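See structure below.
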Amino acid sequence: MRRSEQRRAAVIALYQHDLTGRELHETLPRDASLFTRSLAHAAADMASGLDEVIERHAHGWSASRLQPLERSIMRVALVEILHPDAVPGEAPIPAEGAIEEAVESAKTFCGSEAPAFVNGILGAVLRDLRENGASTAA
């Protein structure tokens, strides 16, 4: 299974976990890869910190006001951007790649305005990270 498909599986599991309150391990596919499981669990474990990053860059939007699927997409991307060592496996994806994958997921699963919104927030996080260092973005 391609990494992009594994990321999407992590997003869907997080979304179902967020929406239904079911345990994350119950929402993951039975045959989920270690990468998918690790990414989903890292995003869930770091959710409050990731949501703070989203809120800091979403100007006037709290993470709780975001659509759950958009929030899950951004959490997964932020794990890979801000905490690449949290997910075992091959070399981490470049930050721009994580953003591109998140935008593609938003195009596939969300409304027409979601891709630009996701791109805007994640792009702002990346700019902040590059300009000010990890302590201000994470």
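The values are calculated or read from the model by the stated rules, or taken from the named source; none is laboratory data. If you're wondering where the values come from, they're calculated on a predicted model, not measured in any experiment. All Cβ positions, glycine included, derive from the backbone under ideal geometry; neighbour counts span all protein chains shown.
A few notes on this one:
- Restricting the first member to region 15-39 and to residues that are more than 25 Å from R65 (Cα to Cα), and the second to residues that are in a loop (DSSP other than H, G, I, E, B) and at pLDDT 95 or above, the beta-carbon pairs closer than 9 Å and six or more apart or on different chains are T36/L28; T36/P29; R37/L28.
- Remark: pairs (first residue in region 69-96, under 16 Å from G49 (Cβ atoms); second residue among the polar types (S, T, N, Q) and surrounded by fewer than 24 Cβ atoms within 10 Å (Cβ to Cβ); Cβ separation under 8 Å; 6+ apart in sequence or on different chains) = A86/S38; V87/S38.
- Of all residues making up region 40-68, the number that are farther than 21 Å from G111 by Cβ and of a type in the set (S, T, N, Q): 1
- Any helices (runs of 4 or more DSSP H) falling wholly within region 25-138 and containing at least 2 residues that are buried (at least 17 other Cβ atoms within 10 Å of the Cβ), of a type in the set (S, T, N, Q) and at negative phi: 34-45
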